[in-house]
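Enquirer: Starting off with a structure, shown below.
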Amino acid sequence: MNKGKFPVEKFQNIETPFYYYDSEILDKTLNAINEEISKHDNYYVHYAIKANANPSVLKKIQEAGLGVDCVSGGEIKAALNAGFNANKIVYAGVGKADWEINLGLDAGIFCFNVESLEELHIISSLAEAKGKTAKICFRINPNVGAHTHANITTGLAENKFGIAMEDMETAISEANRLGNVEFIGLHFHIGSQILEMGDFEALCVRINELLERLASQGIEVSIINVGGGLGISYDDPNGKPIPDFKAYFDTYAKGIVLKEGQQLHCELGRAVVGQMGSLITRILYTKQGKVKQFVIVDGGMSDLIRPALYQAYHKIENISSDDAEQTYDVVGPICESSDVFGKATALNACHRGDLIALRSAGAYGEIMASQYNCRKLPAGIMSDEI
Ligand SMILES: *Cc1c(COP(=O)(O)O)cnc(C)c1O
């Protein structure tokens, strides 16, 4: 079996389950992003911090010069604590509470991505109370479907996110009428784990239509924020550790011709941190069922919920064994039938005590961990820290 490289000896002293972050993969990923955006003028990447807010991970992303995309006040705090400059923070979310808006105003974040007219009014009045003006983009729902899991597509017409296209002009004129908001651009986000560049091309076509519509009314847009959504290879983390950022940015460069003074912003999450991470868990028991063999590991859906929540696939490797492969169902200890990491999975023969790696778990892994069943939260450990 083609397996990832892990310092298995060093793992013996670490309490399982834990997240292992390969700093070399993260560095290479960040370098690849910076190399690609350096080829395009006025391109800016905001890391979607909801994918992984581990402080060691954030430090590297901050040092690489990326901005941050936040979806809550807690995320704004995490970004500021990690040393990100407030003027590189953008803030989206359908339900921004007053304290969260005030936090953004006090910190002086770059932009609020506004998702409803009522929110626009609240931001303006909270800004007025502070004698400030908030820069805003409208999140427009482009009605572009993405070829991905139904739970993670966000761009279709009937969706809780964003403002409908037909309401765009009303929203902009309302922003111009209000005293304490400044309209600077449009924001979009069509979904997640998107591997077909055609989906991003469809978004470009829609964005161009909207920009032309606004231009014909004399409305200038300086920020075009295309959101995130670039996927990773869950099937082949060893062969494809770095997402195809060239194809991604070239798609936008071809699809949207920026005018003088316009900037293209994007918000990548999974593509930045997904492949660097693995959940490392230890085999507690092997069990022979009537027809199946089970491997019961000490990590469960409380540590990595994606398989239970979205039927997501994570490649599973026994990193302690080179014995001939056998077929197992890999399950966790949580009292839920959905606490299954893999069915009929080929693994090098398993024994109590072996370490199992669940690959491509750097995004939406540690950050979504819970204490269900009164369990401890898993640690997140960077490879250069052990
Ligand atoms: C989640 C999210 C992202 C990041 O999505 P990925 O699929 O991880 O790239 C970007 N923008 C917004 C508004 C989001 O909600």
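The values are calculated or read from the model by the stated rules, or taken from the named source; none is laboratory data. Since the model is a prediction, treat every value here as computed from it, not as a measurement. We place every Cβ from the backbone using ideal geometry, glycine too, and count neighbours over all the protein chains shown. Heads up: the accessible areas ignore ligands, DNA and RNA and are worked out on the full protein's heavy atoms, side chains in. Shrake-Rupley method; radii C 1.70, N 1.55, O 1.52, S 1.80 Å.
This table checks each residue for (1) of a type in the set (Asp, Glu); (2) in contact with a helix residue (DSSP H, G or I) (Cβ under 9 Å, 6 or more places away or on another chain); (3) modelled with pLDDT of 95 or more; (4) within 16 Å of the ligand (Cβ to nearest atom).
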{"residue": "Ile89", "(1), (2), (3), (4)": "no, yes, yes, yes"}
{"residue": "Ala92", "(1), (2), (3), (4)": "no, no, yes, yes"}
{"residue": "Asn113", "(1), (2), (3), (4)": "no, no, yes, yes"}
{"residue": "Glu118", "(1), (2), (3), (4)": "yes, no, yes, no"}
{"residue": "His121", "(1), (2), (3), (4)": "no, yes, yes, no"}
{"residue": "Ala127", "(1), (2), (3), (4)": "no, yes, yes, no"}
{"residue": "Gly145", "(1), (2), (3), (4)": "no, yes, no, yes"}
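Enquirer: Condition test on Ala51, is it under 14 Å from the mean Cα position of the chain (by Cα) and farther than 21 Å from Ile224 by Cα?
Expert: yes
Enquirer: Right, here's the next one. How many residues does the range 332-367 contain that are open to solvent by 20 Å² or more (accessible area, probe 1.4 Å) and in contact with a Pro (Cβ under 7 Å, 6 or more places away or on another chain)?
Expert: Going through the range 332-367 one residue at a time, the tally reaches 2.
Enquirer: Moving to a separate point now. Can you work out which of the residues in the range 129-143 that are modelled with pLDDT under 95 and part of a loop (DSSP other than H, G, I, E, B) is nearest to Ala171 (Cα to Cα)?
Expert: By that ranking, first place goes to Pro142.
Enquirer: Pairs only if they're at least six apart or on different chains, beta carbon under 8 angstrom, first in the range 197-213 and at negative phi, second aromatic (Phe, Trp, Tyr) and in a helix (DSSP H, G or I); list them, first residue then second.
Expert: Within 8 Å, the pairs are Met197/Tyr248; Phe200/Tyr248; Phe200/Tyr252; Cys204/Tyr252.
Enquirer: Of these, Val68, Val8, which one is within 15 Å of the ligand (Cβ to nearest atom) and among the β-branched types (Val, Ile, Thr)?
Expert: The conditions single out Val68.
Enquirer: Moving on. Mind checking which residues of the range 71-87 are within 16 Å of the ligand (Cβ to nearest atom) and of a type outside the set (D, E, K, R)?
Expert: Val71, Ser72, Gly73, Gly74, Ile76, Ala78, Ala79, Phe84
Enquirer: Looking at Glu158, Glu212, Glu182, which one is modelled with pLDDT under 95 and acidic (Asp, Glu)?
Expert: Glu158
Enquirer: In a strand (DSSP E or B), open to solvent by 70 Å² or more (accessible area, probe 1.4 Å), of a type in the set (D, E, K, R) and more than 14 Å from Ile280 (Cα to Cα) - does that describe any residue in the range 313-331?
Expert: Yes.
Enquirer: May I pose another question? Considering the range 249-276 alone, what residues qualify as being β-branched (Val, Ile, Thr) and away from the ligand (no atom under 12 Å from the Cβ)?
Expert: Within the range 249-276, Thr251, Ile256, Val257 qualify.
Enquirer: Residue under question is Arg177, and the condition is that it be within 22 Å of Gln263 (Cβ to Cβ), modelled with pLDDT of 95 or more and more than 17 Å from the chain's Cα centre (by Cα); does it hold?
Expert: Criteria not met by Arg177.
Enquirer: Also, I was wondering about something else. When you scan the range 11-83 for helices (runs of 4 or more DSSP H) that lie fully inside it, which ones turn up with 3 or more residues that are over 24 Å from Met368 (Cα atoms) and open to solvent by less than 60 Å² (accessible area, probe 1.4 Å)?
Expert: Here the list reads 23-37.
Enquirer: Go through (1) small (Gly, Ala, Ser); (2) farther than 27 Å from Glu196 by Cβ; (3) touching a residue at least 24 places away in the same chain (Cβ under 8 Å) for Gly342 and report which single condition fails.
Expert: Unmet condition: (2).
Enquirer: Here's a follow-up. Hey, among Ile283, Ile224, which residue is outside any loop (DSSP other than H, G, I, E, B) and in contact with a Leu (Cβ under 6 Å, 6 or more places away or on another chain)?
Expert: One residue alone meets the criteria, Ile224.
Enquirer: Tell me, please, whether a residue that is modelled with pLDDT of 95 or more and within 14 Å of the ligand (Cβ to nearest atom) can be found in the range 279-298.
Expert: No, the range 279-298 contains no residue that is modelled with pLDDT of 95 or more and within 14 Å of the ligand (Cβ to nearest atom).
Enquirer: Another question about this same structure. In this structure, is Asp244 open to solvent by 10 Å² or more (accessible area, probe 1.4 Å), free of Cβ contacts under 8 Å to residues at least 60 places away in the same chain and in contact with a strand residue (DSSP E or B) (Cβ under 9 Å, 6 or more places away or on another chain)?
Expert: Spelling it out, Asp244 is indeed open to solvent by 10 Å² or more (accessible area, probe 1.4 Å), free of Cβ contacts under 8 Å to residues at least 60 places away in the same chain and in contact with a strand residue (DSSP E or B) (Cβ under 9 Å, 6 or more places away or on another chain).
Enquirer: Now for a separate question. Out of the range 158-215, which residues are in a loop (DSSP other than H, G, I, E, B), out of contact with any helix residue (DSSP H, G or I) (no Cβ under 7 Å at 6 or more places or on another chain) and more than 16 Å from the ligand (Cβ to nearest atom)?
Expert: Glu158
Enquirer: Moving on to the next point. Output the residues belonging to the range 227-248 that are assigned to a helix (DSSP H, G or I) and more than 14 Å from the ligand (Cβ to nearest atom).
Expert: Lys246, Ala247 - these are the residues of the range 227-248 that are assigned to a helix (DSSP H, G or I) and more than 14 Å from the ligand (Cβ to nearest atom).
Enquirer: Just a yes or no: is a residue in the range 302-311 in a strand (DSSP E or B) and within 16 Å of the ligand (Cβ to nearest atom)?
Expert: Taking every residue of the range 302-311 in turn, none turns out to be in a strand (DSSP E or B) and within 16 Å of the ligand (Cβ to nearest atom).
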